[in-house]
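The values are calculated or read from the model by the stated rules, or taken from the named source; none is laboratory data. Remember, predicted model here, so these are calculated numbers, not experimental data. All Cβ positions, glycine included, derive from the backbone under ideal geometry; neighbour counts span all protein chains shown.
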Amino acid sequence: MTTPTKTSTTESKLPAVNELRTPPATIAIIIAVSVAASAFICWLVYFHTPTDVGRTHLHSLPLVNAALNGLSTVALLFGYRFIRTHRIPQHRAAMFTAFFFSTIFLGSYLVNFALHGETRFNRLSAWWPFYWKLLASHIILSTIALPLILITFFLSLTGRFPAHKRIARYTFPIWLYVSVTGVIVYAMQSLIH
């Protein structure tokens, strides 16, 4: 009778490689949902007629959105700090907090656009060249951030940590940039428009 060695005991506890493979259908669904959400936002911003152009209802939503982006930024920075110091439970809590604030932001953002439409920025302002480039980068990266965030969360929640770590290296800076520039865009719209 042979006794199991340390190596065979350790290997038996590890899941098989095939169990850790991410199903392509899952990634396809996440990307499809992200594309649909981006298409809806595009329709809302560029084709939907606002229902409250006079801003008589919920006129403070842009401020709420900026605050939510700011809170998401803080949670992201804490999450980064926690993972760098190998404090996994705190990292997870911080990232769920960032996800929570970003999700509430998205809902509030959609309501704001449905009610009030697009905020116009003074194109004659000396800040216009900087503003539109910042806004364009914010919009483009936010459409990339959504599927990246969802995929990164999926990989973490399903225990695919090596893949989670690989994609999070891209997700984190994009998500952080989108959150920070969201606050800057709001500030510029409020102070300069």
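As for the stretch 34-45, it holds at least one residue that is more than 14 Å from Leu110 (Cβ to Cβ), surrounded by 14 or more Cβ atoms within 10 Å (Cβ to Cβ) and either among the polar types (S, T, N, Q) or modelled with pLDDT of 95 or more (or both). In this structure, does Lys165 turn out to be touching a helix residue (DSSP H, G or I) at 6+ places or on another chain (Cβ under 9 Å), part of a helix (DSSP H, G or I) and among the charged types (D, E, K, R)? In short, yes. When each of Ser156, Ser137, Ser179 is tested for being surrounded by fewer than 15 Cβ atoms within 10 Å (Cβ to Cβ), among the hydroxyl-bearing types (Ser, Thr, Tyr) and touching a residue at least 24 places away in the same chain (Cβ under 8 Å), the lone residue that passes is Ser137.
Flag: Gly107 does not match the condition of being more than 16 Å from the chain's Cα centre (by Cα) and not aliphatic (A, V, I, L, M). Within the stretch 71-116, being of a type in the set (D, E, K, R), part of a helix (DSSP H, G or I) and free of Cβ contacts under 8 Å to residues at least 60 places away in the same chain holds for Arg81, Arg84. For residues that are of a type outside the set (Lys, Arg) and either touching a Cys at 6+ places or on another chain (Cβ under 6 Å) or surrounded by fewer than 19 Cβ atoms within 10 Å (Cβ to Cβ) (or both), tally how many sit in the stretch 72-91. Adding up the residues that qualify gives 11.
One line per residue, one yes/no per condition, for (1) among the β-branched types (Val, Ile, Thr); (2) out of contact with any Pro (no Cβ under 6 Å at 6 or more places or on another chain); (3) more than 27 Å from Phe161 (Cβ to Cβ):
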| site | (1), (2), (3) |
| --- | --- |
| Ser38 | no, yes, yes |
| Thr56 | yes, yes, yes |
| Leu63 | no, yes, yes |
| Pro89 | no, yes, no |
| Ala93 | no, yes, no |
| Ser102 | no, yes, no |
| Phe121 | no, yes, yes |
| Trp132 | no, yes, yes |
| Leu135 | no, yes, yes |
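The listed residues are Ala126, Ala168, Ala187, Ala163, and the only one of them that is within 17 Å of the chain's Cα centre (by Cα) and either modelled with pLDDT of 90 or more or loosely packed, with under 14 Cβ neighbours inside 10 Å (or both) turns out to be Ala168. When the stretch 182-191 is filtered for residues that are free of Cβ contacts under 8 Å to residues at least 12 places away in the same chain and touching a helix residue (DSSP H, G or I) at 6+ places or on another chain (Cβ under 6 Å), nothing remains.
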